[in-house]
1. Starting from residues that are of a type outside the set (D, E), away from the ligand (no atom under 15 Å from the Cβ) and open to solvent by 20 Å² or more (accessible area, probe 1.4 Å), keep the ones in region 272-293 and report whichever is farthest from the chain's Cα centre (by Cα).
2. Go through region 255-271 and report how many residues are touching a residue at least 60 places away in the same chain (Cβ under 8 Å), within 13 Å of the ligand (Cβ to nearest atom) and open to solvent by 60 Å² or more (accessible area, probe 1.4 Å).
3. State all residues of region 211-247 that are away from the ligand (no atom under 16 Å from the Cβ) and within 18 Å of H287 (Cβ to Cβ); if no residue qualifies, say none.
4. Go through region 205-220 residue by residue and tally those that are without any contact (Cβ under 8 Å) to a residue 40 or more places away in the chain, open to solvent by 60 Å² or more (accessible area, probe 1.4 Å), under 17 Å from R189 (Cα atoms) and not in a loop (DSSP other than H, G, I, E, B).
5. Pairs only if they're at least six apart or on different chains, beta carbon under 8 angstrom, first in region 80-96 and over 17 Å from T158 (Cβ atoms) and at pLDDT 95 or above, second of a type in the set (S, T, N, Q) and part of a helix (DSSP H, G or I); list them, first residue then second.
6. Can you name every residue in region 29-79 that is among the hydroxyl-bearing types (S, T, Y) and in contact (Cβ under 8 Å) with a residue 24 or more places away in the chain?
7. Scan (1) more than 14 Å from the ligand (Cβ to nearest atom); (2) buried (at least 24 other Cβ atoms within 10 Å of the Cβ); (3) assigned to a helix (DSSP H, G or I) for the single condition L168 breaks and write down its number.
8. How about region 177-189: which of its residues are open to solvent by 10 Å² or more (accessible area, probe 1.4 Å) and away from the ligand (no atom under 16 Å from the Cβ)?
Amino acid sequence: MTFEVITERPASLFDNLPGTNQFYGQHVLAVSQFNRPNLTHLFALAERMRDVVEACGGIDLLKHRVLAALFYEPSTRTSASFVAAMERLGGSVIPITQGVQFSSVSKGETLPDTIRTLEQYADAIVLRHPETGSAAIAARYAEKPIINAGDGTGEHPTQALLDLFTILEELGTIDGLTVAMIGDLHYGRTVHSLTKLLLNYDVRLRFVSPEILRIPLNLMNEVRDAGYDVRETYDVHDIIGEADVFYVTRVQKERFGDLAQYEQVKDYYKITPELLSEANSRMIVMHPLPRVNEISYEVDTDPRAAYFRQVRNGLYIRMALLAAVLHKRS
Ligand code: NCD
């Protein structure tokens, strides 16, 4: 993309965006906060962020703004993309990521105290924590916006946003698609958030997992009660031919109480070129990453392998979300 193209854009990054921004100064805790109009708005803004990054690397929209990134669980993509997003918008980050063990958390400081401390320095806090509901607890104590970057087996809303944005960018639509999710549907928080977010669209859902990793019953009931065409199976061959999106997930070893159970299911599925020869030529393979053994490396050169493009979309979505939460539009 050339610089000329960007100057042809509306004078403001925000001019003529479809939908509305409902996130200025708000917490982002769960995908239930999103609906079609605000998703359309966010995705259009993310596309503009992509153009800005491709044209000139970034824009000084959040100059002198500071984000605290508080990660009590490991992270590569989520933490790195929030840092990159903030910096490409001209802001900066207090990273308490791989180093929670070096912070006062290791001295026994509680989550509310850590949150109330960090918000004295920062304008918003991104939080990843092993307990389901922790982001909502943090939000109860915080005066600054909390962004949930994964709360145990609960939700991972910003991942679901980038997943949905990827489907839209790759396939041009979300309505009318058959989305299959494969792997650890029980503990995988990305699956939980993406499934709920997809209920804003007209899709067919296919859940593929071994018995002990089935999607939680309450979520399955939510999908059924909303009247969706949904099917569960153990056998990937049952759905490979009809899937437009194959959303593959890692078996979440760290969430198992009994590691013997993990050993039973850890290599249950493997996406290979042979398997993909049964799939349609316009489908895409996605994965929130990290991958362990679920997708063979030979698949990476297949044009349908979208998982690294998906990673890149995480930057644009998080830039759009940070701009929505932190930038006051005139
Ligand atoms: C996921 C997570 O942390 O839930 N990773 C990510 O944020 N991209 C998926 C996983 O850990 O398997």
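1. Taking the candidates together, the pick is S277.
2. Residues flagged as touching a residue at least 60 places away in the same chain (Cβ under 8 Å), within 13 Å of the ligand (Cβ to nearest atom) and open to solvent by 60 Å² or more (accessible area, probe 1.4 Å) within region 255-271 amount to 0.
3. Result: V236, I239, I240, A243, D244, V245.
4. Qualifying residue count for the region: 2.
5. none
6. Once the filter is applied, which keeps residues that are among the hydroxyl-bearing types (S, T, Y) and in contact (Cβ under 8 Å) with a residue 24 or more places away in the chain, region 29-79 yields S32, Y72, S75, T76, T78, S79.
7. For L168, the failing item is (2).
8. Once the filter is applied, which keeps residues that are open to solvent by 10 Å² or more (accessible area, probe 1.4 Å) and away from the ligand (no atom under 16 Å from the Cβ), region 177-189 yields only L177.
The values are calculated or read from the model by the stated rules, or taken from the named source; none is laboratory data. Owing to the predicted nature of the structure, the values given are computational and were not obtained by experimental measurement. Positions of Cβ are generated from backbone atoms using ideal geometry, with glycine treated the same way; all protein chains shown enter the neighbour counts. Surface accessibility is based on the protein's heavy atoms, side chains included, excluding ligands, DNA and RNA. Shrake-Rupley method; radii C 1.70, N 1.55, O 1.52, S 1.80 Å.
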